[in-house]
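Heads up, the thing below is written out as structure tokens.
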Amino acid sequence: MSLTLVIALFLMIFCCAFLLAMAALLRPSPGERRLLEVVESRADESTRGAAESTLKKILSLVRSLRTHLGLSADKKLRQRFVGAGLKGIHQADIYFTACILCSLAGVVSGTFIHQNPLFWCFALAVVGYLAPDLWLTKMVERRRKRIQRSIPDAIDLLVICVDAGLGLDQALLRVGQELAISYPELNEEFTMINLEQRAGKPRLDAWRSMAERTKVPEFAALVNMLIQTDRFGTPIIRALSRFSEEIRTKRRQRAEEAAAKTKIKILFPLVLFIFPCIFIVLLGPAVLHIAQTLATFK
């Protein structure tokens, strides 16, 4: 072993030991760590306060501009916000701010295209204005699919809770708490039902409003089932068990339908990507060999 390698190894070991010793010696005490946490939290609060004030100023400016232009958030747009899980009071202002900023970004991007810049500025501005709407539609569909995926498990837990002696309202709260981690959207909807009932709204009306918010067919069917059981006096546990079996059957049918569609969908990547590679691997050596053979006859 050369002398240079020995010196390098010795220096590396010395530096590692020095860094470990400094990390152990310079570790702050519990009191110092507490002071650091307080200082960092206050710094974060001041930074957050400045960011919030700046955001409020921008939103107020956009709100005034939206008022002058006559752009108002109608009922359908508010329902889309609720369906996407956006329940803040400034969601309309943020939405229109995103539309304006994306349009301006499209105009600026169109100026970099030298061929027919006016057309590209107009086209990219329209695309930028429609981009937040497409994003909102995607959010609504994604949330609706997650809620639809969570309904069978929720109904099964609801059957167990009602069979154990809990009332329907308490069972909803319990199911929402159990599924809060895996399905937070369903927990939000069940919590909203509980809050509406505490505010004095009848149970069936609260369930109807949830079905209108989510636009999930299973919830509409569940509301109709609850109305029938309340009207005719059918035992709720029997109706929930039957409804759970129907939901499981529908989910299995959707899975089988999706599995059947994959046979057709996989044809396009096979034809476009996999088959050409196979042909190149199998026929490439033969084509090269034929070309070399033909070159020898010249």
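Figures for the structure shown
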{"item": "Within the range 96-116, considering residues that are touching a residue at least 12 places away in the same chain (Cβ under 8 Å) and more than 25 Å from the chain's Cα centre (by Cα), the one farthest from residue 135 (Cα to Cα)", "result": "110"}
{"item": "Matching residues in the range 172-188 - criterion: being within 17 Å of residue 156 (Cβ to Cβ) and among the charged types (D, E, K, R)", "result": "174, 178"}
{"item": "Some residue of the range 214-235 being more than 20 Å from residue 154 (Cβ to Cβ), among the polar types (S, T, N, Q) and within 30 Å of the chain's Cα centre (by Cα)", "result": "no"}
{"item": "Residue among 276, 269 that is more than 21 Å from residue 160 (Cα to Cα), within 30 Å of the chain's Cα centre (by Cα) and either surrounded by 11 or more Cβ atoms within 10 Å (Cβ to Cβ) or not assigned by TED's automatic domain parsing to the domain that holds residue 155 (or both)", "result": "269"}
{"item": "Answer from 138, 145 - the residue that is farther than 18 Å from residue 218 by Cβ, loosely packed, with under 15 Cβ neighbours inside 10 Å and modelled with pLDDT of 85 or more", "result": "138"}
{"item": "Criterion violated by residue 219 - all others in (1) over 30 Å from residue 105 (Cβ atoms); (2) crowded, with 16+ Cβ neighbours inside 10 Å; (3) free of Cβ contacts under 8 Å to residues at least 40 places away in the same chain satisfied", "result": "(3)"}
{"item": "Residues within the range 211-239 that are among the hydrophobic types (A, V, I, L, M, F, W, C) and under 19 Å from residue 166 (Cβ atoms), tallied", "result": "6"}
{"item": "Subset tally (residues that are outside any helix (DSSP H, G or I) and in contact with a helix residue (DSSP H, G or I) (Cβ under 9 Å, 6 or more places away or on another chain)) for the range 91-148", "result": "2"}
{"item": "Any hit, the range 168-182, residues being surrounded by 17 or more Cβ atoms within 10 Å (Cβ to Cβ), among the small types (Gly, Ala, Ser) and over 25 Å from the mean Cα position of the chain (by Cα)", "result": "yes"}
{"item": "Any chance residue 153 is touching a residue at least 12 places away in the same chain (Cβ under 8 Å), surrounded by 14 or more Cβ atoms within 10 Å (Cβ to Cβ), part of a helix (DSSP H, G or I) and out of contact with any helix residue (DSSP H, G or I) (no Cβ under 8 Å at 6 or more places or on another chain)", "result": "yes"}
{"item": "The listed residue being modelled with pLDDT of 80 or more and in the same structural domain as residue 167 (by TED's automatic domain parsing), out of 222, 226", "result": "222"}
{"item": "Criterion (modelled with pLDDT of 85 or more and of a type in the set (A, V, I, L, M)) met by exactly one of 130, 118, 166", "result": "130"}
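The values are calculated or read from the model by the stated rules, or taken from the named source; none is laboratory data. Predicted, not measured: the structure shown is a model, and the values here were computed from it. Positions of Cβ are generated from backbone atoms using ideal geometry, with glycine treated the same way; all protein chains shown enter the neighbour counts.
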